[in-house]
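Where a number appears in this text, it was derived from the coordinates with a stated rule and is not lab data. Nothing here was measured: the structure is a model prediction, and the numbers come from that model. All Cβ positions, glycine included, derive from the backbone under ideal geometry; neighbour counts span all protein chains shown.
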Amino acid sequence: MSDQLQPGRRMQNLIYRAGLYGRRPRVPVNADALHTAAAAAMSSRARGYIDGSAGRETTAEANRSAFDRWQLVPRMATPVTTRRIGVELLGLQLPSPFLLAPIGVAEMVHPRADLATAEAAARTGTPMTVSTQASVPMEEIAAEMSAAPWFYQLYWGSSDEVAFSMVRRAEAAGASAIVLTLDTFMLGWRTRDLDNGFLPFAHGMGIGQYTSDPEFSKLVEARVRADAGQTDTADAQRPTAAAVRALLGMSRRYPGRLRENLRSPYPRAAVETFLETFSRTDLGWSEVARLREITDLPIVVKGIQHPEDAREAQRLGVDALWVSNHGGRQLDGAAASLNSLVDVREAVGDELPLIFDSGVRTASDAIKALALGASVVGIGRPYLYGLALDGSAGVQSVLDYFAAELDISLGLMGVTDVDQLGAEHLHAGRPVGSAPVR
């Protein structure tokens, strides 16, 4: 392959030629500029939810700072005319070592968030991890994925029946794997959301998987029947404008006609049922074993940070681990995800695939994770920033930037295949630069 046909050169040529006509990228290439532009396009509540992390946000800061500890070490005089950036994961041949990490409530930045993201994933062949907290049913998202693979990310709440139903739906809709998330059995102490007094789910956002689920609908029906005839003291109070807006939001997002939903108890009952059943504080390894019993799909366990947890998951026969601290959104003061990656790879050996996320903002970050043992790297907030700025095209722009920078960086390092990356390509030094929380 000519260097002109490599993704890096193609992207450079595209942007520079457009510049001759005075056109600049609609979606900024620079990671900090991307964040700044996207933040300006969001509401204050959306910024708080998307950019916010737990507590004083020290985990999010640690995630970024950890990358600065490592520097890339290039080799010279190595022919790199052709570079290969594709990888294999769970039997799937991927065009790059990137996938889209699950992000819930993306509707806060774009009305067609999940569908627009799926369209971009399909165009680039990038696997999308569909969130349990998506705003539309997984079946609709899957229909936009074309031949591109997608994974279903499962939050196992207090209802086993709902969890099992979602797994069955994912199987029927063509998911390539189930990603069981262990680190969010209850919400972290998210101070920005608390200061805003804002929980999107309480407004009916991000519960499209639930309101489309037959088992969840049974729980809602039972709640409506139980509440029938009871006096709700809250309803007796004079409604505030905020309460009216919340009810309108619930009714708009619930399946059916808005006018009928406004008079119906079901939208509010669905929100209350979700809030009641989301947490699962007794979630344990037995659920991982049960998941193995009920599905033949590959199982990925997400949220692994401790080596012993990695070994236990490996003993239970999972197909891959996802090293992540949820982007710093769950536990303040936790270890940087990149540091956990090193420990987990040492614990499980070379054979078990490791997906990695948390703190990744550029392909340079991803290279460091790949060199330290990651098999594939999840992109999270950056693609949401692209979505906020330019919808589906914005997501694709971010994915294209990552692939282009990866291709160019590998060449500059003297690497012709992403699978060649290893610890010998890194130098561990003192942290350099700044790592603002994003």
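General remarks:
- Rg over Rh, two decimals, the chain (C-alpha only, Kirkwood Rh): 0.98
- Debye, to nearest 20: dipole size of segment 232-333, +1 on Lys, Arg Cβ, -1 on Asp, Glu Cβ: 700
- Theoretical gain in end-to-end length, Ala393 to Asp68 [0.36 nm per residue, Cα-Cα removed]: 114.0 nm
- About its Cα centre, the dipole of the chain is roughly 1560 debye, where the only charges are +1 on Lys and Arg Cβ and -1 on Asp and Glu Cβ.
- Cβ charges +1 (Lys, Arg) and -1 (Asp, Glu), total dipole of segment 60-172, debye: 680
- Axis of helix 266-277 versus longest Cα principal axis of the chain: the two differ by about 60°, to the nearest ten degrees.
- Computed from label points 7 Å out along Cα-Cβ, the spacing between Leu5 and Ala243 is 6.6 nm.
- Packing-based order for 74-87, 200-213, using average beta carbon neighbours within 10 Å, highest first: 200-213, 74-87
- Positive contributions from Lys and Arg (+1) and negative ones from Asp and Glu (-1), summed over other residues with Cβ under 12 Å from the Cβ of Ala120, come out at -3.
- Per residue Cα convex hull volume in Å³ - calculated over segment 92-205: 120
- Which of Trp70, Ala54, Val80, positive extreme of dipole for segment 1-100 (C-beta unit charges): Val80
- Using C-alpha pairs under 8 Å with a sequence gap of at least 6, the mean separation divided by the residue count of the chain gives a relative contact order of 29 percent.
- Globularity ratio of segment 244-394, using Cα Rg and 2.2 N^0.38 Å: 1.34
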